[in-house]
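Take a look at the structure set out below.
Values quoted throughout were computed directly from the atomic coordinates according to the rules given, and no laboratory measurement underlies them. This is a predicted model, so every value here is computed, not measured.
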Amino acid sequence: MPIWLQTAALLCLSNLFMTFAWYGHLKTMSAKPWLIAALVSWCIALFEYLIMVPANRIGYGELSLGQLKIMQEVITLAVFVPFSIFYMQQPLKLDYLWAGLCMLGAVFFIFRSA
């Protein structure tokens, strides 16, 4: 499997954990004290870091730091939109499309010299 694909796959998985750590408590723990939500989020975030750190180490040999960052941001948006719509029951907005198009521009500029 190519390095960039290994990196992207691991970053997708880590982003699932990150998204739930950052936003999942808004739905499931709104009645709990914020400190409890923070502790649960930190526990979830541990798994994100256990996947994200190796992903970045694998990718850094072949991708630049800027390319890793833009890849991460594109994956973050790609994971966040379905999470927002299906898990958090938020409406689908055209703004997601515009944000995605801006991200495509970022991908173009950061990867064009590769």
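Karplus-based coupling profile of region 41-46, in residue order and whole Hz: 4, 5, 5, 5, 5, 4, with θ = phi - 60° in 6.51 cos²θ - 1.76 cosθ + 1.60 and x standing for Gly or Pro.
Put the Cα centre of region 1-47 next to the Cα centre of region 62-95 and the gap is 13 Å. Across region 49-61, computed HN-Hα scalar couplings (Karplus, 6.51 cos²θ - 1.76 cosθ + 1.60, θ = phi - 60°) run 5, 5, 9, 5, 4, x, 4, 5, 5, 5, x, 5, x Hz from first to last residue, x flagging Gly and Pro. Pairs of Cα atoms nearer than 8 Å and 6+ residues apart set the relative contact order; for the chain it is 34 percent. Straight-distance candidates among the lysines for linking to Lys69, with alpha-carbon spacing under 29 Å and chain neighbours fewer than 8 residues away dropped: Lys27, Lys93. Residues considered: Met29, Met71, Met88. Largest GNM mean-square fluctuation over the chain, using C-alpha springs under 10 Å, is found at Met29.
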